[in-house]
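Remarks on the structure that follows.
The values are calculated or read from the model by the stated rules, or taken from the named source; none is laboratory data. If you're wondering where the values come from, they're calculated on a predicted model, not measured in any experiment. Cβ coordinates were reconstructed from backbone atoms using ideal geometry, including for glycine residues, and neighbour counts include every protein chain displayed.
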Amino acid sequence: MAGEARRRRLRALAARSGANVDIDKLDAAFVHESAFRERLAAGSNERLEFLGDALLGFVVARALYERYPEASQGELTLRKAALVNDAALAATAERLDFEPLLRLGASLANAGAARPRSILSDAFEAFLAALYLEAGLEAVAGFVAREHVAQHESKPLPLDDPKTLLQEWSQRRFAEVPAYVERFDGPPHERVFFSEVSVAGSVLAAGSGPSKKAAQREAAARALEVVRERYGDVETRNYSSPLAAADARA
């Protein structure tokens, strides 16, 4: 998408942010590394994605801390994981119609349905960083609350989220969190990530997937099988209720 149609879509996104922003600065969030590598753009959104990932983690963590005052660390971690995972971010980016704005290299542009959805989640994080640089943290927090958290919070929590279950077990038994070591193989548009997870210095399992998070999740799931067989003390959990809207405003 180019020209005035692109600018109209960017102006619509700027309006949804509720902030007065330069749409040319927002446009940088949609330039994938493949476009830069093929000299179709002067830069990529990778640095913005790095910043946006940190911003997203903070604003979601703060919102959950305030909204669930009785939730344990483990529950907050689980709720956060459900909101910041690639699938949830990609779903929001898709709903906001980010895909036509993506600037991609030829191979990815022609990939169609085979294109990794992580490109959308990366663009969402990059957009948050661009919005932050233009309008500040509270603009990002408001946008995330309206356009992302509100759309996903009502969905059932993944009761068997393996990374969170493993972390809760590790903190309870060893007072430390699991450690993940990653590597990847393949070209940028077909990368496969590999992750190895260890607890208390002992490697428990490994996993693979189309993203680092997916590989970590599979490694954690396999580690839980080892933990259940070896220790048998992985606990289930009860969830707390959020503050009512009136209480949250008080």
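Of note:
- Apart from one condition, Ser195 fits all of (1) part of a helix (DSSP H, G or I); (2) without any contact (Cβ under 8 Å) to a residue 40 or more places away in the chain; (3) in contact with a Gly (Cβ under 9 Å, 6 or more places away or on another chain); the exception is (1).
- Filter pass, Ser44 being part of a helix (DSSP H, G or I), of a type in the set (S, T, N, Q), within 23 Å of the chain's Cα centre (by Cα) and in the same structural domain as Leu133 (by TED's automatic domain parsing): no
- Selection within the range 198-232 - in a helix (DSSP H, G or I), closer than 15 Å to Trp169 by Cα and out of contact with any helix residue (DSSP H, G or I) (no Cβ under 9 Å at 6 or more places or on another chain): Glu225, Val226, Arg228, Glu229, Arg230
- Comparison of Ala14, Ala61, Ala54, Ala42 shows that the only residue that is touching a Lys or Arg at 6+ places or on another chain (Cβ under 7 Å) and either more than 19 Å from Glu94 (Cβ to Cβ) or without any contact (Cβ under 8 Å) to a residue 40 or more places away in the chain (or both) is Ala61.
- Selection count, the range 174-186, where residues are within 22 Å of the chain's Cα centre (by Cα) and in a loop (DSSP other than H, G, I, E, B): 2
- Inter-residue pairs, beta-carbon under 6 Å, first touching a residue at least 40 places away in the same chain (Cβ under 8 Å) and in the range 204-229, second crowded, with 21+ Cβ neighbours inside 10 Å and assigned to a loop (DSSP other than H, G, I, E, B), 6+ apart: none
- Only a single item in (1) within 30 Å of Lys163 (Cα to Cα); (2) at pLDDT below 85; (3) in a helix (DSSP H, G or I) is not met by Pro116, and it is number (3).
- Restricting Ala15, Ala35 to those that are of a type in the set (A, V, I, L, M) and in contact with a helix residue (DSSP H, G or I) (Cβ under 9 Å, 6 or more places away or on another chain) reduces the list to Ala35.
- Test: Lys155 is surrounded by fewer than 21 Cβ atoms within 10 Å (Cβ to Cβ) and either small (Gly, Ala, Ser) or under 17 Å from the mean Cα position of the chain (by Cα) (or both): yes
- Scanning the range 116-134 turns up one or more residues that are more than 12 Å from the chain's Cα centre (by Cα), farther than 30 Å from Arg172 by Cα and aromatic (Phe, Trp, Tyr).
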